[in-house]
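The values are calculated or read from the model by the stated rules, or taken from the named source; none is laboratory data. Predicted model, so just to flag it, every value in this text is computed and none were measured. Cβ coordinates were reconstructed from backbone atoms using ideal geometry, including for glycine residues, and neighbour counts include every protein chain displayed. Ligands, DNA and RNA are stripped out before the accessible areas are found, and what is left, the full protein with its side chains, is counted by its heavy atoms. Shrake-Rupley method; radii C 1.70, N 1.55, O 1.52, S 1.80 Å.
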Amino acid sequence: MQGALEEGYLRASNRPDVEFALMWANHDWFDLHPAKLTAPPHLQYPGEVTASTFDKLTTHIVKNYFSQASYLKVDGGPYFSIYELYRFVLGMGSVEKAAAALQQFRDKVKAAGFRDLHLNAVTWGVQLLPGQTEVTDLKDLLARLNVDSTTSYVWIHHAQLAKFPASEYQDLASAYEVYRATASAKLGRPYYPNVSMGWDSSPRACQSDIYTQSSYPFMPVVQGNTPQRFGDALRSAKQFLDDSPDLKTKLLTVNSWNEWTEGSYLEPDTEHGYAYLEQIHAVFGKKA
C-alpha cells in the first residue's frame, strides 16, 4: 500500500507547506468487481494484522513518514488515523493488547523526538461492507485505547439513505449534521467533521443482476449532488470548525479523492471539470 505514497507523492512533492497524513485502511478487502446480488463476495485480503506486523508497520511509519517536514502534526504530534478500530482490536487479540500496541507506537514517536502521537479514529457503527461489525460501546473503547480525536469517512456511515433507488443529497447532508452536532459529546473525544460529495455504489454491482435494495453495493444512490451544494456543505463544516473551541487544529475529512466506483470523488472529470476542487478552494483556500 505504500507504493503510491513513497514512489509517487513523496517523490513528486517537495513543498513543506503542503502537508500530508495517513488514514490506515485496515478493513477487509473483498472482490466487489462485480458484486453478485445472491453470492457472497470473495475475501481478497484480510484487514486484521498481528502485533508483530503492527510493530513493523509503525516502525516504518515513524522512520519514513513522520520524519518528513511536511507530515501533518496536531499540537506537535504526528496525526495518524485508523479506519476500523474494531478490526484492529480483533487482530491484536483483545482491547488490552490493542491498547498496549498503541502505547508502543506512542513510545516510538516520542523516542523519535516528537511530543506524542496524535491518534485519530474513524468512528462509525453502520455495517455496510461484508464482515464489518458494529461496536456497541464506542466511547469506552476510545477511552481504553487512548484515542485523541475522531472523524468520519463518509456521510452514509451516520445517515441512512431514506429512499430507494435514489435519495437526495440535501437530505443526507441534513441527517449527517444531526450526528455531527453531538458527536464530540457522545464519543468523549474531539470530533473532526466530514463532507461527502456524493454516493453511488452501483458500478460495483454485477450489471446483469436486478438492481434491488439489498446489502452493499445494492443500495440507494445519491442524486442532486452538485458542486454548489458541495460548497454549501463545506461552508457548513467550516462554521462547525470555527464554532468548536476544543479543536485547536482545524481539520476536515473529505470523501473522497478517487472513490469513482462509489460516486464520491474530487478528481476532475468530463462532466464537472475542476468544479468540486474549486469549491474547496473557494471555502478553504488562501485568500489573495
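Quick one: putting +1 on the C-beta of Lys and Arg, -1 on the C-beta of Asp and Glu, what dipole do you get for the chain around its Cα centre, in Debye to the nearest 20? Could you put the intermediate results ahead of the total?
Numbers: 26 positive and 32 negative charges, 166 e Å.
The dipole of the chain has a size of about 800 debye.
Determine the shape class of region 132-255: with a ≥ b ≥ c the square roots of the Cα gyration tensor eigenvalues, call it rounded for a/c under 1.5, and otherwise prolate if a/b is greater than b/c, oblate otherwise.
On the way: a/c = 2.65, a/b = 1.48, b/c = 1.80.
In terms of gyration-tensor shape, oblate.
Which entry in [x] 0.95; [y] 1.03; [z] 1.32 matches Rg/Rh (Cα atoms, Kirkwood Rh) derived from the coordinates of this structure?
Looking at Rg/Rh (Cα atoms, Kirkwood Rh) for this model, the match is [x].
Based on the alpha carbons, how large is the Rg to Rh ratio for region 55-182 when Rh follows Kirkwood?
Using only Cα positions, Rg/Rh for region 55-182 is 1.03.
Can you tell which of 196, 211, 40 lies farthest toward the positive end of the dipole of the chain, using +1 and -1 charges on the Cβ of basic and acidic side chains (Lys, Arg; Asp, Glu)?
196
Would you kindly derive the ³J(HN,Hα) couplings of region 265-271 from the backbone phi angles with the Karplus curve 6.51 cos²θ - 1.76 cosθ + 1.60 (θ = phi - 60°), listing them in order in whole Hz, with x for Gly and Pro?
9, 8, 4, x, 9, 6, 8
Of the beta bridges DSSP finds with both residues in the chain, what % are antiparallel, to the nearest 5?
Approximately 25 percent, going by the DSSP bridge assignments.
For residue 144 and residue 174, compute 0.36 nm times the residue count separating them, minus their Cα-Cα distance, and round to one decimal in nm.
Gain on stretching residue 144 to residue 174: 7.6 nm.
So what's the net charge close to residue 204: Lys and Arg +1, Asp and Glu -1, counting the other residues with Cβ under 12 Å from its Cβ?
Taking every Cβ under 12 Å from that of residue 204, the sum is -4.
For the chain, what is the accessible area per residue in Å² when the probe is 1.4 Å? Don't jump to the answer; show the numbers that get you there.
Values: 14750 Å² over 288 residues.
Per-residue accessible area for the chain comes out at 51 Å².
Starting from the Cα of residue 10, step 7 Å along the direction of its Cβ; do the same at residue 207; then give the gap between the two resulting points in nm.
Roughly 3.9 nm, to one decimal.
Could you work out the Kirkwood radius for region 182-288, taking every pair of different alpha carbons, averaging 1/r and inverting it, reported in Å?
Taking every pair of different Cα atoms in region 182-288, averaging 1/r and inverting gives 15.7 Å.
Given 108/139; 63/238; 73/97, which pairs have Cα atoms separated by over 31 Å?
63/238
What ranking, highest mean first, results for peptides 48-59, 86-97 when packing means the other Cβ atoms within 10 Å averaged over each residue?
86-97, 48-59
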